[in-house]
Amino acid sequence: MKTSDPTIKNDPVKAFLISLLAAQTLFLFSCGGQEEQTQEVEKPAGLPLSVLIDNEEFWEGSALEFDEQFGMKDELFHKTEGDYAYTGLIKIRAINGSLAAVKGYSHGRPHGDFFEWHENGKLKSKSQFKNGMRHGYFYIWTKTGVVYSKKYFQEDLEDFGRFADQGASESGKSLAAIELEEWEGKGSEFYHKFAGDPKRGGTLQIRETEELYNGTITALDDKGQKEAILRYSNGKYHGTISKWNESGTLWEEAEFDRGNLVEFTIKKGKPFDASQIIDLSKDPSTVELLFK
């Protein structure tokens with residue numbers, strides 16, 4: 001800073017004070033400019049801060065809560081509360097608290113790795129996405145860990161030469177049909193998996209896919225004891241059908257051929273003699289013994 005006062009040049013104290021005053025003046029001007037630049041910007045109402053700054057969210061809950069709080073809108077995955085396209089990670093838990101699924105989204109589009117687990121804790125599926133497009137490996141496993149299907153995608157286009165085989169799906173059977181070929185459970189569980197009544201001439205179907213059932217069912221009573229072993233071909237009894245009473249005694253056993261009764265082996269807990277003579281003249285209803 002230049003000055004025409006010769007006393008200042010010869011007096012170092014005066015020179016210091018003038019320099020200090022000039023520095024304070026410059027500081028005050030600079031602070032005033034910063035205050036104008038850092039004024040708080042009013043944010044739009046109704047959107048969470050995480051959306052405004054484009055940070056990822058995290059949500060965790062049950063399948064029922066997931067259905068209530070999320071949905072699709074304009075082909076984008078939306079969060080119902082706030083009505084905006086979701087960005088972040090989602091964890092869905094089963095009734096028993098175990099992990100059922102993990103999903104990721106970016107601005108409402110699938111992004112990253114998706115996982116699903118079976119009720120027994122084994123991995124059910126893994127799929128990979130990139131900004132809404134299938135991009136990476138897509139695997140599906142049965143409850144026993146057998147690879148049902150495997151595919152690979154590059155920006156939504158399948159690479160058919162990636163694998164020598166496609167897994168158990170090449171059999172032409174659905175995942176449900178393969179998993180239910182050997183099934184064991186109680187009556188309440190049975191009606192969630194199957195539909196139909198072969199006992200009255202109908203057929204048994206897989207409820208999820210409506211396919212005619214092929215396989216073996218081991219039915220349990222409410223106590224978990226074996227109640228019956230039922231074998232099916234195209235939805236009809238086929239092979240040996242065995243039933244037990246409440247005390248655990250083999251009560252009935254018969255052979256069927258594609259829904260038709262061939263012979264009884266055990267009837268009411270006793271060996272059945274197919275050669276016995278049944279006199280229907282006195283009681284025609286006796287014939288029902290052959291078919292009950």
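Check the range 219-228 and report whether any residue there is within 30 Å of Ile178 (Cα to Cα), in contact with a Pro (Cβ under 8 Å, 6 or more places away or on another chain) and at pLDDT below 95. No, the range 219-228 contains no residue that is within 30 Å of Ile178 (Cα to Cα), in contact with a Pro (Cβ under 8 Å, 6 or more places away or on another chain) and at pLDDT below 95.
The set of residues in the range 115-124 that are crowded, with 17+ Cβ neighbours inside 10 Å and not in a strand (DSSP E or B) contains only His118. If only residues of the range 134-155 that are farther than 21 Å from Gly104 by Cβ and polar (S, T, N, Q) are counted, the one that is surrounded by the fewest Cβ atoms within 10 Å (Cβ to Cβ) is Thr144. Every listed requirement among (1) in a loop (DSSP other than H, G, I, E, B); (2) modelled with pLDDT of 50 or more is met by Gly46 save one, (2). Does Gly202 meet the test of being among the small types (Gly, Ala, Ser) and under 23 Å from Ile140 (Cα atoms)? Against the criterion (among the small types (Gly, Ala, Ser) and under 23 Å from Ile140 (Cα atoms)), Gly202 does not qualify. The residue pairs whose first member lies in the range 73-100 and is assigned to a loop (DSSP other than H, G, I, E, B), whose second member is among the aliphatic types (A, V, I, L, M), and whose beta carbons are closer than 8 Å, counting only pairs six or more residues apart or on different chains, are Gly82/Leu47; Gly82/Val51; Thr87/Val51; Ala94/Ala63; Ala94/Ala100.
A Cβ distance below 8 Å, combined with a sequence gap of six or more or placement on separate chains, defines the contacts here; from the range 141-159, residues that are assigned to a loop (DSSP other than H, G, I, E, B) reach residues that are among the polar types (S, T, N, Q) in the pairs Lys143/Asn120.
Of the listed requirements (1) in contact with a Leu (Cβ under 7 Å, 6 or more places away or on another chain); (2) in the same structural domain as Ala94 (by TED's automatic domain parsing), Glu119 misses just one: (1). If you filter the range 183-238 down to residues that are small (Gly, Ala, Ser) and in a loop (DSSP other than H, G, I, E, B), you find that the one that is farthest from the chain's Cα centre (by Cα) is Gly201. Counting the residues of the range 125-135 that are under 25 Å from Ala63 (Cβ atoms) and assigned to a strand (DSSP E or B) gives 6. Filtered by the rule that a residue be surrounded by 14 or more Cβ atoms within 10 Å (Cβ to Cβ) and of a type in the set (A, V, I, L, M), the range 64-114 gives Leu76, Ala85, Leu89, Ile90, Ile92, Ala94, Leu99, Ala100, Ala101, Val102.
The values are calculated or read from the model by the stated rules, or taken from the named source; none is laboratory data. Just so you know, these numbers come straight off a predicted model, no measurement behind them. Methodologically, a virtual Cβ is constructed for each residue, glycine included, from the backbone with ideal geometry; neighbour enumeration extends over all protein chains shown.
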